[in-house]
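Below is one structure, written out as structure tokens; comments come after it.
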Amino acid sequence: MEETVLFDYWRSSAAYRVRIALNLLHLPYRTVSVDLLAGDQIGPENLVRNPQGLVPTIEIDGLRMTQSLAILEYLNDTRRAGWLPADPAGRAVVRALAYAVAVDLHPVCNLRVARHAVSLGATMEGWMQHFITLGLNGLEGLLHRNPAGQFCYGDSVTLADICLVPQIYNAHRWAVDLSAFPRVSAIFAVLEELLPFQMAHPDRVKPAG
Ligand SMILES: N[C@@H](CCC(=O)N[C@@H](CS)C(=O)NCC(=O)O)C(=O)O
């Protein structure tokens, strides 16, 4: 069987999503670090694998893939992970929760965006706190529409949970006040106890040195 390789950066929340997914599936993989602070993402080697100049990229099943949500859906479909409900309405709800984090909140907090904002006079902390708070506020409201269950949607892990945990890591990193988000906080408290999530935590995968 071909080796699975994840091109990753320890603090990247998009890569963190994929690490969680691989761990949930017990899929062994090797990591190649792309140092975002050193600019490796826009170096020629990474641009060949990821023309957007981003992480993550994964090599799996003889394929090379980018975009964490697309990777999660590929893993879900090929490994029958069950990260999307069986019914179309449920799938739409879970995707909406995942997109609220990965498509709306996360991109404005991306390194290249935040650095540009800082060059225009924002502070990194102020920018992050503003947009993470705004994004989590919307997510909290969406979650209250489906209050049953210990996770974002019911009692099994979905794409939404895989997106939530890296975002809360970032919220903690930037000292965002989460007291106004009780449902987000309660779900996170359950998820952070699960081993596949713990093993994907940036502190567990940070390269030595
Ligand atoms: N939509 C992409 C986003 C990937 C992304 O934004 N990656 C960030 C790290 S979380 C990155 O590589 N940033 C490098 C940069 O901004 O220069 C995905 O989900 O894979």
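The values are calculated or read from the model by the stated rules, or taken from the named source; none is laboratory data. This one's a predicted model, so the numbers in the text were calculated from it and none came from an experiment. Cβ atoms come from the backbone with ideal geometry, glycine included; neighbour counts cover every protein chain shown.
Evaluate the following for Tyr9: is it within 12 Å of the ligand (Cβ to nearest atom), modelled with pLDDT of 95 or more and either hydroxyl-bearing (Ser, Thr, Tyr) or over 19 Å from Pro196 (Cα atoms) (or both)? Against the criterion (within 12 Å of the ligand (Cβ to nearest atom), modelled with pLDDT of 95 or more and either hydroxyl-bearing (Ser, Thr, Tyr) or over 19 Å from Pro196 (Cα atoms) (or both)), Tyr9 qualifies. Within the range 25-34, the set of residues being crowded, with 22+ Cβ neighbours inside 10 Å and out of contact with any strand residue (DSSP E or B) (no Cβ under 7 Å at 6 or more places or on another chain) is empty. Within the range 38-83, if we keep just the residues that are of a type in the set (Val, Ile, Thr) and without any contact (Cβ under 8 Å) to a residue 12 or more places away in the chain, the residue that is surrounded by the most Cβ atoms within 10 Å (Cβ to Cβ) turns out to be Ile42. Screening Ala92 with (1) touching a residue at least 40 places away in the same chain (Cβ under 8 Å); (2) away from the ligand (no atom under 12 Å from the Cβ); (3) hydrophobic (A, V, I, L, M, F, W, C) gives one miss only, at (1).
Consider the range 19-65. How many of its residues are hydrophobic (A, V, I, L, M, F, W, C) and within 22 Å of Glu192 (Cα to Cα)?
Qualifying residue count, the range 19-65: 6.
Within the range 11-34, residues that are farther than 19 Å from Leu54 by Cβ reach partners that are within 12 Å of the ligand (Cβ to nearest atom) with beta carbons closer than 8 Å, at six or more positions or on different chains, in the pairs Leu24/Ile162; Arg30/Leu6.
Before we move on, is Glu73 acidic (Asp, Glu), away from the ligand (no atom under 13 Å from the Cβ) and not in a loop (DSSP other than H, G, I, E, B)? In short, no.
To keep it simple, each residue is scored yes or no on (1) β-branched (Val, Ile, Thr); (2) under 18 Å from His26 (Cα atoms); (3) surrounded by 20 or more Cβ atoms within 10 Å (Cβ to Cβ).
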{"residue": "Gln150", "(1), (2), (3)": "no, no, no"}
{"residue": "Val157", "(1), (2), (3)": "yes, yes, yes"}
{"residue": "Leu164", "(1), (2), (3)": "no, no, yes"}
{"residue": "Arg173", "(1), (2), (3)": "no, no, no"}
{"residue": "Pro182", "(1), (2), (3)": "no, no, no"}
{"residue": "Ile187", "(1), (2), (3)": "yes, no, yes"}
{"residue": "Ala200", "(1), (2), (3)": "no, yes, yes"}
{"residue": "Asp203", "(1), (2), (3)": "no, no, no"}
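Among helices (runs of 4 or more DSSP H) entirely within the range 129-209, having at least 1 residues that are acidic (Asp, Glu) singles out 159-173, 202-205. Taking (1) under 21 Å from Ala21 (Cβ atoms); (2) in the same structural domain as Phe181 (by TED's automatic domain parsing) in turn, Asp77 satisfies each apart from (2). Annotation note: of Asp104, Asp35, the sole residue that is under 20 Å from Asp161 (Cα atoms) and more than 10 Å from the ligand (Cβ to nearest atom) is Asp104. The requirement of being away from the ligand (no atom under 12 Å from the Cβ) and in a loop (DSSP other than H, G, I, E, B) is fulfilled nowhere in the range 38-46; no residue meets it.
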